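A.B. asks: Sending over a structure as structure tokens; questions will come in a sec.
The values are calculated or read from the model by the stated rules, or taken from the named source; none is laboratory data. The structure displayed is predicted, hence computed values, not measured ones. Because the Cβ atoms are built from the backbone with ideal geometry, glycine has one as well, and the counts that use them run over all protein chains shown.
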Amino acid sequence: MEHYLLYNIETGATIQIGQGPADTVALYKSNLPPGVGIMQIPSQAVLPLGGIDIDIIKASYGAGINADADKAAFAFGFNNTPRQVATYREKEAEARAVLADPDTPTLFLTIEADEMGITVQDLAQEVVAQADLWRPIGAKIEALRRKANARLAAATNVAEIAAAAQINWHAVVAPDSVEPAEGENL
């Protein structure tokens, strides 16, 4: 069962609060009259007398924005588990140190290079090249995530919440790509 909210996309005013089976929101999206938006909302956001708790909706959409940023990073091969992030940092630091001084002792790179049957120097070059490729992508993902969360924090109605959550993740690789249409999250 999912809860949804129909709203005026200009004013953010609530038109209707309802609930239905899974995919109700997806089914409604294609049949909305002009000027009406729909959003899925957490059941906890529906108040007993029929109103909504906008802070619960904001928290839910904020979690979605952050999850989408993680998905965008993962699409570029970046795994953001704490273990993997620590490993990436350590390998990059070791790799940069090795490229500056080939006699620098390493742990991660030495063991990995040995397992892969390549030299530490070759692995260091690969790690630095990957880190250099990732840096502008990661920066763009983070900028989009922070911008969306700032817009979400400033939102005063559901139309503004919906607008804040519309992030053009394609802009990470194609900065001139078209912005998503209302209700579309790329």
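A.B. asks: Looking only at region 134-143, decide whether some residue is of a type in the set (Lys, Arg) and at pLDDT 95 or above.
C.D. replies: Checking region 134-143: not a single residue is of a type in the set (Lys, Arg) and at pLDDT 95 or above.
A.B. asks: Going residue by residue through region 20-36, is there one that turns out to be in contact with a helix residue (DSSP H, G or I) (Cβ under 9 Å, 6 or more places away or on another chain) and aromatic (Phe, Trp, Tyr)?
C.D. replies: No: region 20-36 contains no residue that is in contact with a helix residue (DSSP H, G or I) (Cβ under 9 Å, 6 or more places away or on another chain) and aromatic (Phe, Trp, Tyr).
A.B. asks: Another question about this same structure. When you go through Ala139, Ala153, Ala143, Ala131 one by one, which is the residue that is exposed (fewer than 15 other Cβ atoms within 10 Å of the Cβ), of a type in the set (Gly, Ala, Ser) and closer than 17 Å to Val85 by Cβ?
C.D. replies: When all the criteria are applied, what remains is Ala139.
A.B. asks: Quick one: which helices (runs of 4 or more DSSP H) lie wholly within region 21-124 and hold at least 1 residues that are of a type in the set (Ser, Thr, Tyr) and exposed (fewer than 15 other Cβ atoms within 10 Å of the Cβ)?
C.D. replies: Result: 82-100, 108-116.
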